[in-house]
Structures are given as structure tokens and as C-alpha cells.
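Report on the following structure.
The values are calculated or read from the model by the stated rules, or taken from the named source; none is laboratory data. The structure presented is a predicted model; accordingly, all values stated were derived computationally and were not measured. Don't worry about glycine lacking a Cβ; one is built from the backbone with ideal geometry, like all the others, and counts go over all protein chains shown.
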Amino acid sequence: MGINNIEEQDASLEKAQSDFKDAQIFVSEKAVKRLKAVMSSEGKGDYFLRMSVDSGGCSGMNYKMDFDEHQDTFDKVFNQNGLKVICDLKSWLYLKNISIDYSDDMLNGGFKIKNPNAERTCGCGTSFSA
């Protein structure tokens, strides 16, 4: 293995580590507005959004969105449009760089998640495989 190959591997590893460290969970202003309205109506105005995944659904994994007031030591933490978003490390592997949007369309409304890590998503948009 030549020196150039080792340098290329090091550069590739550094880029992958940087991309992982700099990744986010993106939440649109519309989604934040809707989430804050729901949080307020449930008396959870000072909570934050916890994003996670669990097994199940028609594609293998389900997205979970919960309101939480406890942050664990190793949670990834983001601030998006005035909303604090947290994610556990296991889920982070599947959720890095997702985008969450909201639509109030009568037929196809609700929260929409775009996941660049998903190899396949179901028709309803609530489960995926990676």
C-alpha cells in the first residue's frame, strides 16, 4: 500500500468523521410552529422534541417523535427555529441529517420526514429501512 493510498484513506476518514459530527436534525418553521402548538395544548411548553427510532412498521424501523423534559448524557442536542431537539446515539445513526416538515393539507397533511439515510421507505412515510 503506497503513501498516497494511506493519505487518501486518512482524508476520507477525517471527512466521514467531520460529516458525522456536523450532521443535524433539521426542523422547518412550519413543523416547529405546529409542534409548539401541540406542546402548549398538552401543558408541555417547556419540553423538547425527542426523535428516535424503534423496530417495526412495514419497512423495518419506525420514526418516533415524543415530548421529553429529560436529556440523557450522550444525547445529541440541536436547536432548530427555536425548538430544542434531542436524539439518542443509537437512533442518531439512522436519523442524522433528516428533515422534518409539516403540512396542513387535508389529504396528505401531517409531519413529513425526509431521511437521506433510508434505503427504502413505506408509502405512509412512518417507517423505513437503512
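Data for the structure
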{"read-out": "Candidate set: segment 52-81, residues that are out of contact with any Phe, Trp or Tyr (no Cβ under 6 Å at 6 or more places or on another chain) and hydroxyl-bearing (Ser, Thr, Tyr); chosen: the one surrounded by the fewest Cβ atoms within 10 Å (Cβ to Cβ)", "value": "73"}
{"read-out": "Single residue of segment 110-126 satisfying the filter (within 27 Å of residue 17 (Cα to Cα) and in a strand (DSSP E or B)) that is modelled with the lowest pLDDT", "value": "120"}
{"read-out": "Selection within segment 41-74 - within 23 Å of residue 22 (Cα to Cα) and either of a type in the set (Phe, Trp, Tyr) or under 12 Å from the mean Cα position of the chain (by Cα) (or both)", "value": "48, 49, 50, 51, 52, 53, 63, 64, 65, 74"}
{"read-out": "Total residues in segment 91-113, condition farther than 11 Å from residue 63 by Cβ and within 12 Å of the chain's Cα centre (by Cα)", "value": "6"}
{"read-out": "Some residue of segment 91-109 being of a type in the set (A, V, I, L, M, F, W, C), in a loop (DSSP other than H, G, I, E, B), without any contact (Cβ under 8 Å) to a residue 40 or more places away in the chain and out of contact with any Leu (no Cβ under 8 Å at 6 or more places or on another chain)", "value": "yes"}
{"read-out": "Which listed residue is surrounded by 16 or more Cβ atoms within 10 Å (Cβ to Cβ) and free of Cβ contacts under 8 Å to residues at least 40 places away in the same chain, from 35, 49", "value": "49"}
{"read-out": "Unmet requirement for residue 80, which otherwise passes all of (1) in contact (Cβ under 8 Å) with a residue 12 or more places away in the chain; (2) out of contact with any Ser or Thr (no Cβ under 9 Å at 6 or more places or on another chain)", "value": "(2)"}
